[in-house]
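Take a look at the structure set out below.
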Amino acid sequence: MSQYESSVKNIPYPQEQVFGKLEDLNNLESIKDRIPQDKVKELTYDRDQVTVDVPPIGKITLKIIEREAPKCIKFETVGSPMPANFWVQIIPDGEQASKMRVVAKAEINFMLRAMVEKPLKEGLEKIAEALSQIRY
């Protein structure tokens with residue numbers, strides 16, 4: 001399994017407040033308008049999972065498999081041809097701020113690695129950036 005990480009993002013909100021918003025995927029409603037329509041055709045979600053249709057990849061479903069309050073939310077892909085786990089790590093940075101990063105582990109065969117590594121890294125960075133811009 002290969003591991004990929006976003007850069008660390010500073011968030012001007014306390015760790016508990018950030019975790020509280022991110023651990024319920026219904027809160028994606030507040031950032032839905034920031035998702036580029038040319039990059040994502042469809043976005044559906046409930047408290048525990050989110051499904052996105054990303055051309056040309058297709059539909060990807062991420063399900064929360066563990067909540068480790070207030071520091072980590074772990075996801076896994078559902079029905080994906082490429083098994084992967086994602087997690088959002090949140091650490092305190094004083095009493096009124098926190099830091100966050102997004103990490104992914106994926107089983108990528110050698111032949112596909114060269115094609116998907118760069119888009120995967122860029123995708124993690126975009127997700128981390130979007131999460132850092134939320135008003136918690």
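Summary table below
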{"quantity": "Debye intensity ratio I(q)/I(0), log10, the chain, q values 0.09, 0.10, 0.12, 0.17 Å⁻¹ (C-alpha model)", "calculated": "-0.25, -0.32, -0.46, -0.95"}
{"quantity": "Rounded tilt (10° steps) of 110-132 against the dominant C-alpha axis of the chain", "calculated": "20"}
{"quantity": "Spatial extent of region 12-85: Rg and Dmax, with the Cα atoms as the point set, Å", "calculated": "13.2, 37"}
{"quantity": "Convex hull volume per residue in cubic angstrom - Cα atoms of region 51-109", "calculated": "99"}
{"quantity": "Relative contact order (%) - criterion: Cα under 8 Å, at least six apart; region: the chain", "calculated": "32"}
{"quantity": "Set LYS9/LYS126; LYS74/LYS105; LYS9/LYS41; LYS32/LYS126 screened for pairs whose C-alpha atoms are more than 18 Å apart", "calculated": "LYS9/LYS41"}
{"quantity": "Alpha-carbon Rg/Rh ratio, for region 71-136, with Rh computed the Kirkwood way", "calculated": "1.05"}
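Values quoted throughout were computed directly from the atomic coordinates according to the rules given, and no laboratory measurement underlies them. All values reported here derive from a predicted model rather than from experimental measurement.
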